[in-house]
Amino acid sequence: MDTSKLFSLEGRVALITGGSRGIGKMIAEAYLAQGAKVYISSRKADVCDAVAEELGPNCYSMPQDVSNVEGCRELARRFAAAEPKLDILVNNAGAAWGVPFEEFPEQGWDKVMDLNLKSPFFLTQALHESLKAAADASQPAKVINITSIDGIRLNPWETYSYHASKSGLIYLTKRLAARLVTDHINVTSIAPGAFASDMNRAARDRGEEVAKGIPSGRIGEAEDMAGAAIYLASRAGDYVVGDTITVDGGIAHGALGNSIDA
């Protein structure tokens, strides 16, 4: 058994949506460190360009709004024009919306559901040929959906469409996995907990306070996300299909419920 290259991504090409900040940027840095060529995509071209330059010569900016089907198809067209194959797709772009039940608007439903649930499906569909070009039985291509522990358990905020979208994406991961494994494309997901980001401002701005409610006693660090993302993308994760790895310090699966007096 040779484990020396078990986590290597040398020679692999990755595309990460929402790759210019937060968890997407953490994953981009991790893949670059393991030798991959990484394309990052985000809606804001100037930010995407600046982050690609910051991350170094193996990181390429490919800005695109993927909140609609045509945007997904355009990104796939541009990627196919730049690269003959895609080894790793990370569907990370996402949005959240929190408003009381009585006031929750249609816009807050549609925006979140479109970006968090519809776009991963249609982008994966649009990149199917690029993924198949990279895939074989000895080295499958990978699709990694970034879901959330909020698709597994409830948070205290009124984020109705976010809960629904992330729960749906976890199950969509399973259904896509069952179809695409026949093309030697493995679909999995990572469900993060509290990581500092623009989306999770509580973890970003009040990390010590948030950590008190986490069994591990701290919020997530970049290396925690890197470890899971590298594992699933590399040879180490080649036999993992359809599963969701929870990376949350124990919130979803390692916390005791409240005791209730009889």
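The values are calculated or read from the model by the stated rules, or taken from the named source; none is laboratory data. Keep in mind that this is a model prediction, so the values were computed, not measured. Don't worry about glycine lacking a Cβ; one is built from the backbone with ideal geometry, like all the others, and counts go over all protein chains shown.
Points worth noting:
- The set of residues in the stretch 42-63 that are part of a loop (DSSP other than H, G, I, E, B) and either surrounded by fewer than 23 Cβ atoms within 10 Å (Cβ to Cβ) or not polar (S, T, N, Q) (or both) comprises ARG43, LYS44, GLY56, PRO57, ASN58, MET62, PRO63.
- Residue that is farthest from the chain's Cα centre (by Cα), among those in the stretch 142-163 that are assigned to a loop (DSSP other than H, G, I, E, B) and hydrophobic (A, V, I, L, M, F, W, C): TRP157
- Residues located in the stretch 21-36, provided they are in contact (Cβ under 8 Å) with a residue 40 or more places away in the chain and among the basic types (Lys, Arg): ARG21
- Figure legend. Inter-residue proximity from the stretch 81-110: first residues of a type in the set (A, V, I, L, M), second residues part of a loop (DSSP other than H, G, I, E, B) and exposed (fewer than 15 other Cβ atoms within 10 Å of the Cβ), beta-carbon distance below 7 Å, spacing 6+ or different chains. Indicated pairs: VAL99/PRO105.
- Against the list (1) in contact with a Pro (Cβ under 9 Å, 6 or more places away or on another chain); (2) farther than 24 Å from GLU221 by Cβ; (3) buried (at least 22 other Cβ atoms within 10 Å of the Cβ), the condition TYR39 fails is (1).
- Test: SER8 is at pLDDT below 95 and either assigned to a loop (DSSP other than H, G, I, E, B) or among the charged types (D, E, K, R) (or both): no
- Of the residues making up the stretch 88-96, at least one is more than 30 Å from PHE7 (Cβ to Cβ) and buried (at least 19 other Cβ atoms within 10 Å of the Cβ).
- Qualifying residue in the stretch 42-60 (condition: within 17 Å of ILE146 (Cα to Cα) and modelled with pLDDT of 95 or more): yes
- The residue that is surrounded by the fewest Cβ atoms within 10 Å (Cβ to Cβ), counting only those in the stretch 230-245 that are among the hydroxyl-bearing types (Ser, Thr, Tyr) and in contact with a helix residue (DSSP H, G or I) (Cβ under 6 Å, 6 or more places away or on another chain), is TYR231.
- Leading residue by the ranking (nearest to VAL90 (Cα to Cα)) among those in the stretch 216-226 that are touching a helix residue (DSSP H, G or I) at 6+ places or on another chain (Cβ under 8 Å) and either surrounded by 21 or more Cβ atoms within 10 Å (Cβ to Cβ) or not aliphatic (A, V, I, L, M) (or both): MET225
- Flag for LYS118 being outside any strand (DSSP E or B), charged (D, E, K, R) and farther than 27 Å from GLU102 by Cα: no
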